[in-house]
1. When the range A:418-462 is examined, which residues are found to be at pLDDT below 95, open to solvent by 50 Å² or more (accessible area, probe 1.4 Å) and assigned to a helix (DSSP H, G or I)?
2. Out of (1) modelled with pLDDT under 95; (2) crowded, with 20+ Cβ neighbours inside 10 Å; (3) at the interface with chain B (Cβ under 8 Å from one of its Cβ atoms), what's the single condition that is false for A:Cys253?
3. Based on this model, can you work out whether A:Gly77 counts as in contact (Cβ under 8 Å) with a residue 12 or more places away in the chain, open to solvent by less than 20 Å² (accessible area, probe 1.4 Å) and within 14 Å of another protein chain (Cβ to nearest Cβ)?
4. Identify the residue in the range A:181-213 that is more than 27 Å from A:Ala356 (Cβ to Cβ) and either hydroxyl-bearing (Ser, Thr, Tyr) or more than 14 Å from chain B (Cβ to nearest Cβ) (or both) and, among all such residues, is surrounded by the most Cβ atoms within 10 Å (Cβ to Cβ).
5. Looking at the range A:104-112, is at least one residue within 14 Å of chain B (Cβ to nearest Cβ) and either part of a strand (DSSP E or B) or modelled with pLDDT of 95 or more (or both)?
6. Here are some conditions: (1) in contact (Cβ under 8 Å) with a residue 12 or more places away in the chain; (2) within 14 Å of another protein chain (Cβ to nearest Cβ); (3) assigned to a loop (DSSP other than H, G, I, E, B); (4) open to solvent by 10 Å² or more (accessible area, probe 1.4 Å). A:Arg386 meets all but one. Which one does it not meet?
7. Go through the range A:1-14 and give me each residue that's aliphatic (A, V, I, L, M) and within 19 Å of A:Leu46 (Cα to Cα).
8. If you take the residues in the range B:37-71 that are aromatic (Phe, Trp, Tyr) and out of contact with any Pro (no Cβ under 9 Å at 6 or more places or on another chain), which one is nearest to B:Trp137 (Cα to Cα)?
Amino acid sequence: MSKLLLTSGYELEQLGPALYLLPKKKGMAVPGLIAATEQLLSKGDLGEAIKQVENVAHLPGIVGYSIAMPDMHWGYGFPIGGVAATDAETGIISPGGVGYDINCGVRLALLPPDFSLDAKREEKLLHALFHHIPSGVGCGVERSNALSDHDYNQLLVKGSRWSIEKGFGFSEDMEFCESRGVIAGANYDAPSLHAKERGRNQLGSIGSGNHFVEVGKVQHIFFPQIAEAWGIRQGQVYVLIHTGSRGFGHQVCQETLDKFLRLGLAKELPDRQLVSAKILSPEGQHYIQAMAAAANFAFNNRQHVLHKVRRSFQDACGVPPEQVRLLYDVCHNIAKFEMHKVDGKMRKLCVHRKGATRAFGSGAEELHPLYKDTGQPVLVPGDMGRASHIMVGMGCAMSWCSSCHGAGREHSRSQSTRNWQGRDLLEYMRKQGVRVMAHSKKTIAEEMPDAYKDVDEVVEAVELAGFAKQVARLTPRLVLKG
Amino acid sequence: MAEQAEKKRLFFALEAVAPWSPCEPSGRSLMPFERHMTLAFLGDTAWKPIEELLALTPSSPLSIAPTGYCDSCLILPHASHPRLVAWHVAGKEIAAISLWQKTLSQFLSSHGIAVESRHSFMPHITLCRAPCDVAEWKKSFSPLPIHFPALHLYQSCGALRYSPLWSQPLLNAFEQLDHTADIAFTVRGDTLESLTRHALTALAFSFPELLAYAPEIVAINSLNDVIAFLNEVVSNADIAIGAPFKAVSQHGKLLRKKTSNNSRYWQWEMIVDV
């Protein structure tokens, strides 16, 4: 087994192409598993992220490995790109392993193959998207459209079916969502009034930071048979939406962390942010119900944003809404109860994915028949200048059927802002062939392409590790940023 | 003889760092890096005696650089005869700054250095001198957080330029760190209450509007309390107007540290989800 010594001082043992073991040390219940190429591991300082992989391995009841995806970077508690599974009966659930933005995720929709964008259409479309989709700090829906208590009662439990029943989409949209757009077990009463207040006028908005709506073209097909089965053609126009549960989810996570800490549940853990409760305890169950509610808020949020995208295409380009076809919607901050084989036996596990995406392979029960034949789509947004990817899940047992969620940041927001100070960002992006609109120039500076790892390298590592395979490479043309 | 005769126009002041608005009204404005809060104005003073005294200048009563916030616009000396526009500074740490100002003035006076003492200490930062559009400046005011990282002896060089001849740097109340996931700060305070205040100031540097949603800081006995307070502020702001950060995380240990003169203080790595 060859070894790799990193500049951070960590020594990893190579298990396979793009797979490294972080050996067990004192306090770790399991070893770490790091999916990355040597090239990715040599870029930047991953010491803090690997420390977090080590810390996660201390979680009570953790099974298998503490896993990090190729887009891993320094988070808090879990690394971003972290995956950890615990036993559903005897193990714990950790809100930090889900993240503040519960069910932050991505959905991708496709335009008809014969639809094309020209400069005039692009201009109209970008302005239509900016007009219809609230984005940026403080930009939510009009107070008159704010959610009522009755609305909350329904949408937090029904998931995206609520939005569809209200006319914000089509019933087939649910079929092409992870978990059919709903996480079971939500309880309307579990999130606090404060959480509901935070989300009340935020449904149908993308928020700020790294959230976006992107329109582009399929640039290259890697896996023609899968692309054919999924109806993806080279040159086809796509829309990618990245957003989550907004302030609602953040409040749920924050209140739960505070409660767990005050109950003294972080003792023996190397990082307070890893605080957790037994899944079957009252506090564990309460969090699971609140997390499910927040996840369902996020599914509805992305459904509403897709509705507004469809409206934008109709207004700007005359495309009927039903022709903007949802390919898939994935969660990348969530804990899910799934059946996995452990030591030869099927066991129910609680799989935490913090900046990681489920990647079920062919045959997985939950999937729509189309994806049951092929494996599920794995959506990997890159950065706004270079590319995004569609992959197909391989159902890799080692990673609990998980894959990466994006490119992963290489530079901090403040570093990126310093790097681009005094430069005309919009003009630079225009020269790259991408038009960007955002409420805040600061956000654009923070999100410039070079702030992120090269997504091509990340997906290559995912494929080498056996987690998912590349299907298509996408290149952006229009980006709406928060 | 020539050296003793050398005079400079001097004053002691705290350097004032703030997220100044990029769109200020017109007028003879002080550049942001020139802005300060005067503690003792000496005027045209013989340089040599001052130079010899500097090593004995009393230290700050605070082990950590103080913070405050601008809470109103002042037109000085009075509205009917405006000569300058200033932002008034308020906050819990102004009392300690005021004490320092008295100590410094007494020290200078006791060594025969005349200190202008027409008025009692009024904490303020001058932004602009006449001629200027006073009405526009008044309209432009909004609350701002302030950080005072050092005491300087400034020389007034004319044309609103000031040159620091001597400095007593303080340990920063907060510093931004590079963090790939979100935004992060090292925050310091000699008590948990001041740590909370400095953490709030750090956040307000990115989003000054946050100050309007901050209740009084009370009953802070643990890191849990610090984080709960900050999250209450963020949450209230997010509900009312939307906030660029969503939650202060639980990550980061609270450490007890010592300054170079053995004063103890708290230090915490604050990571904020955006």
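The values are calculated or read from the model by the stated rules, or taken from the named source; none is laboratory data. As the structure is a prediction and not an experimental result, all values here were calculated from the model. FYI the Cβ positions are ideal-geometry reconstructions off the backbone, even for glycines, and counts take in every protein chain you see. Please note that ligands, DNA and RNA were not included when accessible areas were found on the heavy atoms of the full protein model with its side chains. Shrake-Rupley method; radii C 1.70, N 1.55, O 1.52, S 1.80 Å.
1. Answer for the range A:418-462, where residues must be at pLDDT below 95, open to solvent by 50 Å² or more (accessible area, probe 1.4 Å) and assigned to a helix (DSSP H, G or I): A:Arg418, A:Asn419, A:Leu426, A:Glu427, A:Tyr428, A:Arg430, A:Lys431, A:Lys441, A:Lys442, A:Asp450.
2. Condition (1) is where A:Cys253 drops out.
3. So A:Gly77 fits the description; yes.
4. To start, the set of residues in the range A:181-213 that are more than 27 Å from A:Ala356 (Cβ to Cβ) comprises A:188-189, A:192-194, A:196-197, A:200-201.
Among the residues that remain, those that are also either hydroxyl-bearing (Ser, Thr, Tyr) or more than 14 Å from chain B (Cβ to nearest Cβ) (or both) are: A:188-189, A:192.
On the way: A:Tyr188: 16, A:Asp189: 11, A:Ser192: 14.
Filtering first and then ranking leaves A:Tyr188.
5. Start the filter on the range A:104-112 by keeping residues that are within 14 Å of chain B (Cβ to nearest Cβ), which leaves A:104.
When the remaining residues are screened for being either part of a strand (DSSP E or B) or modelled with pLDDT of 95 or more (or both), the result is A:104.
Yes.
6. (2) is the only condition that A:Arg386 fails.
7. Within the range A:1-14, A:Leu4, A:Leu5, A:Leu6, A:Leu12 meet the criteria.
8. B:Phe41
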